[in-house]
1. Which Rg and Dmax, in Å, describe the Cα atoms of region 75-197?
2. Angle, helix 267-283 long axis vs. longest principal axis of the chain, Cα atoms, 0 to 90°, nearest 10?
3. What's the ranking of 199-206, 82-89 by average number of surrounding C-beta atoms within 10 Å, highest first?
4. How do 374, 400 line up, fewest other C-beta atoms within 10 Å first?
5. Can you compute the radius of gyration and Dmax for the chain, using only the Cα atoms, both in Å?
6. Which FRET efficiency value, to the nearest 0.05, do you get for residue 308 and residue 330 by plugging their Cβ-Cβ distance into 1/(1 + (r/R0)^6) with R0 = 30 Å?
7. Work out how much length residue 184 to residue 417 would gain on full extension: take 0.36 nm times their residue separation and subtract the Cα-Cα distance, in nm to one decimal.
8. Okay, helix-only estimate at 222 nm for the chain: each DSSP H run of n ≥ 4 adds -39500 (n - 2.57), divide by all residues, round to 500 deg cm²/dmol; what do you get?
């Protein structure tokens, strides 16, 4: 990145913290009277303070406020965790989704046909029981209160496209995020929890592509006009091929034409799947059917990406990209401490959650262009550690009127390529390395 590009990125961050925060502070009612604790300062304290230390206490946030030139008591800061503060941070996050939006994607290898690759999944946050009236938990042995984030990570650009907050009890299947993020020619990767016939129809009508695992209870047909479902399982059991594909139509109503791609699993993996299936069924007072156990010998995917783009082996490997969003959630919780929410009021919960999400949004936007330095790969874990380490300097530079912020940003970016590279794995190449190799 050139000095001009550093300056442009720094200006975007500065404008967001200063202009956008000030404007929304008035709109949301956070600013009620003249005070040193302006909307701008409040946002900086929470976002930068929680980036520096995800488990920051109220007293530690007060220290950050002092570093920024505003002395306030703990009770004074706590009072700002109100409806106005929650609306301010939520509104800023929604603006941030546009301000820190997708940049140019990589578009290489087996993904060259797709400008947009949406990896979608959800993660749950356990909350104090006092918040159950606002955010119902998922039931069972979990907390009676819980929130769920529906997230779309755009792999080509390395940025977040959508983050939606909802109740933990709402199933992924009900989410509209996959349809919202799809565009003509995009690729959507989701896990089994999102499988529904209506989604297949919607993506097909948008002329968008999908790759997902098949829900084996879904009816399949050899031809769109067939009245009797196809016995695909019997065909698989008679096959002597460990991997292959067939064309089928999915759903009694939808009849969406797809490539069904299958892979036979090793005996030890099948045995483990059977044990887990029996355990899950026992917990619910049920028994496993012979048909269900037979399906567990296979991993089955469906896609509308044509054979001219992917072979069955390439499609199976591409699905492994979905693991990137799991690594994202691990980073958010283990390092950014997104799930550490010491609060019992809805307003405090929203303030802390959206402040953390804002910091993560900025982090992913800044590191996205440098994910693959010199053909290598960036470790997001190492990169976030460097980001946290840079926060004290950022706070000092911002307190001094942003005069040295461009240099601070440049220093962070330069350190990425030297100190945040992922460990090289020659014997076990990464999914990206394998995708590039298969595309040759």
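Values quoted throughout were computed directly from the atomic coordinates according to the rules given, and no laboratory measurement underlies them. Here the structure is a predicted model, which is why all the values come from computation and not from measurement. Here the Cβ is made from the backbone with ideal geometry for all residues, glycine too, and neighbour counts use every protein chain on show.
1. Both quantities, over Cα of region 75-197: 17.3, 55 Å.
2. Once rounded, the angle reads 70 degrees.
3. Details: 199-206: 17.6, 82-89: 22.4.
In decreasing order of mean packing, 199-206, 82-89 become 82-89, 199-206.
4. Details: 374 6, 400 11.
Sorted ascending by nearby Cβ count, the order is 374, 400.
5. In order Rg, Dmax, the Cα atoms of the chain give 24.2, 77 Å.
6. Working: r = 36 Å, r/R0 = 1.19.
E(calc), rounded to 0.05, equals 0.25.
7. On the way: separation 233, 0.36 × 233 = 83.88 nm, distance 3.42 nm.
Answer, rounded to one decimal: 80.5 nm.
8. Details: 17 runs with 197 residues, N = 440.
Value at 222 nm, helices only: -14000 deg cm²/dmol.
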